[in-house]
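Each value in this text was obtained by applying a stated rule to the coordinates, not by laboratory testing. Computed from a predicted structure; not experimentally measured. Ideal geometry is used to build each Cβ from the backbone, glycine not excepted, and the neighbour counts take in all protein chains shown.
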Amino acid sequence: MPRPLPLAAICLLLCAFQCERPYEGPDIDFGPGPGITYRDAQGRLLRPEDPTDWTSDATWSSQELNMFSNATNGPQQLGAVSQSLAYPNPGKAGQVSWYFKLSPAAPCPCRVYAKLVSKRYTEVDIHFADLAASDSLQFTPRVYNPGQLYRLYYLVYNNNGMLYKGHGDLSFTP
């Protein structure tokens, strides 16, 4: 007849299956300074622009690429996007919008896929849109922790594959 496990062994087994493991991955590097491009409620630039935000990203890490099945570090069609910005930034939760516009030369129909993530790449909100050339979209992401920085990753693709990928950083005030 098998011997029952001692209480300490049972507790260790339960903890092994229920306890969260500490986060071991890298946090997002939001860059020097406050890490965002400051804009007012009309989208006007308030301080010098963060040159790493709201533009095409040539290279994403494997962690970033894994968020999107269509993303690669291959060539992009940089002329596909004419504008990408968030305003007001920082702004109150529910009031910060991402504005995005395709150029007239974009090879459409296109699909835009955006993911808002926390500093540890935890998905907070997503957005999909089907757009034609010259179309624009506005997306107001949901967040639940004002005072933290977030990153919005976005990918533009069509039936032939990825056209454009980029990111921008957002901050929400209480």
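General observations
- By other beta-carbon atoms within 10 Å, ranking 113, 144, 153 with the fewest at the front produces 144, 113, 153.
- Within the shell of other residues whose beta carbon sits under 9 angstrom from the beta carbon of residue 167, the net charge comes to -2, with Lys and Arg scored +1 and Asp and Glu -1.
- A straight Cα-to-Cα reach below 19 Å connects residue 92 with the aspartates and glutamates 40, 125, 169, residues fewer than 8 places away in its own chain not being considered.
- Couplings for the range 165-172, taken from phi via the Karplus curve 6.51 cos²θ - 1.76 cosθ + 1.60 with θ = phi - 60°, read 9, x, 7, x, 9, 10, 9, 10 Hz in order; Gly and Pro are left as x.
- Local electrostatic count, residue 90, Cβ distance below 12 Å [Lys/Arg +1, Asp/Glu -1]: +1
- Around the Cα centre of the chain, unit charges on the Cβ atoms of Lys, Arg, Asp and Glu (plus for the first two, minus for the last two) sum to a dipole of about 280 debye.
- From phi via Karplus (6.51, -1.76, 1.60), per-residue ³J(HN,Hα) for the range 66-73 in Hz, x at Gly/Pro: 5, 6, 10, 6, 8, 7, 9, 9
- In plain terms, the chain from residue 125 to residue 27 could stretch by 33.5 nm, reckoned as 0.36 nm per residue minus the Cα-Cα distance.
- Packing-based exposure ordering (other Cβ within 10 Å, fewest first) of 172, 100, 68: 68, 172, 100
- Rounded to whole numbers, the Karplus 3J(HN,Hα) couplings from phi for the range 87-98 are 7, x, 9, x, x, 5, 4, x, 10, 7, 10, 9 Hz, using 6.51 cos²θ - 1.76 cosθ + 1.60 with θ = phi - 60°, and x at Gly and Pro.
- Net charge over other residues, Cβ less than 13 angstrom from the Cβ of residue 135 (K, R count +1; D, E count -1): +1
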